[in-house]
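The values are calculated or read from the model by the stated rules, or taken from the named source; none is laboratory data. No experiment lies behind these values; they were computed from the predicted model shown. Here Cβ is always computed from backbone atoms with ideal geometry, including for glycine, and neighbour counts include all displayed protein chains.
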């Protein structure tokens with residue numbers, strides 16, 4: 001596929017269960033965004049302690065795949081809008097994309113998020129792929145572990161919107177403060193090294209939403225229901241309370257939903 005780059009050298013990180021994360025700094029796809037390779041294997045999805053739509057807790061096995069290390073930024077999304085002559089979100093601020101282009105792009109509808117990933121030679125991650133990338137193989141509650149979130153480890157509970165520069169955190173940086181004392185010098189990234197899987201921007205994923213889907217979800221590579229009225233959102237946002245930041249928390253919205261809390265990241269099959 002045009003636009004794909006060769007993999008750069010990455011650092012392998014052994015994880016519980018023998019799985020390995022490979023951070024790919026050179027980038028893949030037309031947007032050249034850094035991606036992380038998630039090795040094939042099982043992980044625990046859902047939570048018996050969560051809301052009804054998170055139950056039952058179950059084991060899911062996924063093929064290997066790549067996922068963006070960072071949320072899609074304002075700068076990258078602007079390139080897509082210009083290249084494809086795509087309609088910008090109603091809340092789009094071109095000045096912000098120029099001055100603080102390292103913040104996550106927000107406000108797009110689900111079809112626009114999917115269109116960006118297609119333009120980049122990628123796709124939206126499935127709900128299962130998103131959760132594995134955020135959770136790792138040890139059934140943790142948050143990307144950084146089981147410790148409750150606090151303001152120095154995740155961007156959440158910020159109240160009202162101010163601006164991209166003030167309300168959103170740069171996608172490539174962790175939050176400093178208490179996180180350093182807890183040994184989390186790069187903020188609340190996941191065990192696979194994926195940033196801002198909790199807070200900052202909530203993220204569209206590929207799946208249609210169904211509250212009871214986990215009760216019959218296949219054990220291997222689940223794709224979600226074949227159809228539906230709403231799409232799944234994951235990760236919580238800058239406006240959410242701590243409970244929404246759990247890696248198992250599931251939310252939904254109609255595909256044409258537009259809000260300053262909502263962004264996305266892309267994924268890619270490992271065979272590409």
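Hand me the list of strands (runs of 3 or more DSSP E) wholly inside segment 194-256 holding 2 or more residues that are within 26 Å of residue 34 (Cα to Cα).
Numbers: elements: 202-208, 231-234, 251-253.
By residue number, 202-208, 231-234.
Restricting attention to strands (runs of 3 or more DSSP E) lying wholly within segment 16-58, give those where 2 or more residues are crowded, with 17+ Cβ neighbours inside 10 Å and modelled with pLDDT of 80 or more. If you could, list the steps in order and put the result at the bottom.
Numbers: elements: 20-28, 33-38, 41-45.
Filter on segment 16-58 gives 33-38, 41-45.
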I'd like the residue in segment 257-272 that is in contact with a strand residue (DSSP E or B) (Cβ under 7 Å, 6 or more places away or on another chain) and part of a loop (DSSP other than H, G, I, E, B) and, out of all such residues, is farthest from residue 160 (Cα to Cα). 270
So is residue 131 part of a helix (DSSP H, G or I), under 13 Å from the mean Cα position of the chain (by Cα) and at pLDDT 95 or above or not? yes
Enumeration of residues in segment 229-241 that are over 18 Å from residue 131 (Cβ atoms) and out of contact with any helix residue (DSSP H, G or I) (no Cβ under 7 Å at 6 or more places or on another chain): 229, 239, 241
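Name the residue that is nearest to the chain's Cα centre (by Cα), counting only residues in segment 154-193 that are outside any loop (DSSP other than H, G, I, E, B) and modelled with pLDDT of 90 or more.
155
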Criterion (over 26 Å from residue 249 (Cβ atoms) and in contact with a helix residue (DSSP H, G or I) (Cβ under 8 Å, 6 or more places away or on another chain)) met by exactly one of 30, 55: 30
Looking at segment 104-125, which of its residues are under 14 Å from the mean Cα position of the chain (by Cα), under 19 Å from residue 199 (Cα atoms) and not in a helix (DSSP H, G or I)? 104, 105, 106, 124, 125
